[in-house]
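What follows is a single structure, written as structure tokens, with notes after it.
The values are calculated or read from the model by the stated rules, or taken from the named source; none is laboratory data. Everything numeric here is computed off the predicted structure, so don't read it as measured data. Cβ: placed from backbone, ideal geometry, glycine included. Neighbour counts: every protein chain shown.
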């Protein structure tokens, strides 16, 4: 029994690889960065530290990785695999489609079924990947792909946190992760069966589950990160205990919960209970997570379909005014970090072209739309509060 994991970052090593190792299933990473792939192959092991539960720490051994240029080896590994996981970031899914297509072509010769599971915080990642692969297959491979290959989605609920400098000296591949063990997967798109992987939770009624996580957890994370940055916090947990931020955060939870309940027919009480799991995670002091890490790349995170603007659009579509989400968006528009190229670019757009340009070019919104006007009113509010000084 074997699996392939596209990506060898913190989630790939600290969650997917960890669960496979605990399940006794061999796996191979496929990694874009040659230096990281080479380090894995030299070291052949890495440590996973469970935050707040050191007795569960684990040393994972016998690991290996292929670089993206090792096309034949990757295709052979896919042909022999029982499952393939992706943890490359949603925007990179199309980049790995050619390698998956070659692997599926090889799989048509070896036979059997294959399931590809996307582990991405992204909208419709399985659909994006399936369509990208399908475009690259020959007609006879298309038939095999349609009947023998499942492309489905998982929801990643475990956080992976940056290790300290001292930890990296001991093990440059070490990962610090949250003490969370479930990997929900959409069962409806699986072909055949998955290997018996510890923590996997197959969900039949998966519709809305990924959106529920994204527009609850990610929206809350963005809210806490960008407001926390404005107020000078370093750590997520500290910001998530600030009463000023909590008041806005609770409003965000209320707005997204009502919209998600209406869209997916979740009982509102159930969705509100789900928000408490998000808040508990943000406020957990054992998860030493940095504002900077979570606020990084604000241009992507202010995108039209991403955690803040996407949530606000969802809420607005169901007749709810996204007051608190728009405060979070206003804070994100004024995020500054000289060490982040995307934050520098955001500042440049805002200072040289104005907020309307940010709304149009970054957020995908018309500045004079109801949502655009509401965001601008919240920028004025944050300035009145003294949270924005620019």
Residue satisfying condition, being over 28 Å from residue 306 (Cα atoms), buried (at least 21 other Cβ atoms within 10 Å of the Cβ) and in contact (Cβ under 8 Å) with a residue 12 or more places away in the chain, within set 30, 88, 48: 48
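One line per residue, one yes/no per condition, for (1) loosely packed, with under 15 Cβ neighbours inside 10 Å; (2) under 25 Å from residue 250 (Cα atoms); (3) in the same structural domain as residue 233 (by TED's automatic domain parsing); (4) over 27 Å from the mean Cα position of the chain (by Cα):
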| residue | (1), (2), (3), (4) |
| --- | --- |
| 318 | yes, yes, yes, no |
| 327 | no, yes, yes, no |
| 338 | yes, no, yes, no |
| 351 | yes, no, yes, yes |
| 356 | no, no, yes, yes |
| 361 | yes, no, yes, no |
Matching residues in the range 327-365 - criterion: being in a helix (DSSP H, G or I), free of Cβ contacts under 8 Å to residues at least 12 places away in the same chain and touching a helix residue (DSSP H, G or I) at 6+ places or on another chain (Cβ under 7 Å): 357
Just the residues that are free of Cβ contacts under 8 Å to residues at least 60 places away in the same chain and over 19 Å from residue 318 (Cα atoms), please, taken from the range 250-274. 273
Matching entry among 195, 184 (being surrounded by fewer than 17 Cβ atoms within 10 Å (Cβ to Cβ), outside any helix (DSSP H, G or I) and in contact (Cβ under 8 Å) with a residue 12 or more places away in the chain): 195
Residue 108: passes all of (1) surrounded by fewer than 23 Cβ atoms within 10 Å (Cβ to Cβ); (2) closer than 17 Å to residue 5 by Cα but (2)
From 306, 284, residue being in a loop (DSSP other than H, G, I, E, B) and surrounded by fewer than 20 Cβ atoms within 10 Å (Cβ to Cβ): 284
Can you find a residue that is farther than 30 Å from residue 43 by Cα and over 21 Å from the mean Cα position of the chain (by Cα) anywhere in the range 213-224? no
Could you please find all residues in the range 111-165 being surrounded by fewer than 18 Cβ atoms within 10 Å (Cβ to Cβ), at pLDDT 95 or above and not in a helix (DSSP H, G or I)? 113, 135, 136
Residue set 83, 101; condition modelled with pLDDT of 95 or more, under 22 Å from residue 154 (Cα atoms) and touching a helix residue (DSSP H, G or I) at 6+ places or on another chain (Cβ under 7 Å); output residue 101
What's the number of the only condition in (1) closer than 17 Å to residue 188 by Cβ; (2) in contact with a strand residue (DSSP E or B) (Cβ under 9 Å, 6 or more places away or on another chain) that residue 146 fails to meet? (2)
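This table checks each residue for (1) within 22 Å of residue 330 (Cα to Cα); (2) part of a helix (DSSP H, G or I).
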| site | (1), (2) |
| --- | --- |
| 169 | no, yes |
| 202 | no, no |
| 257 | yes, yes |
| 261 | no, yes |
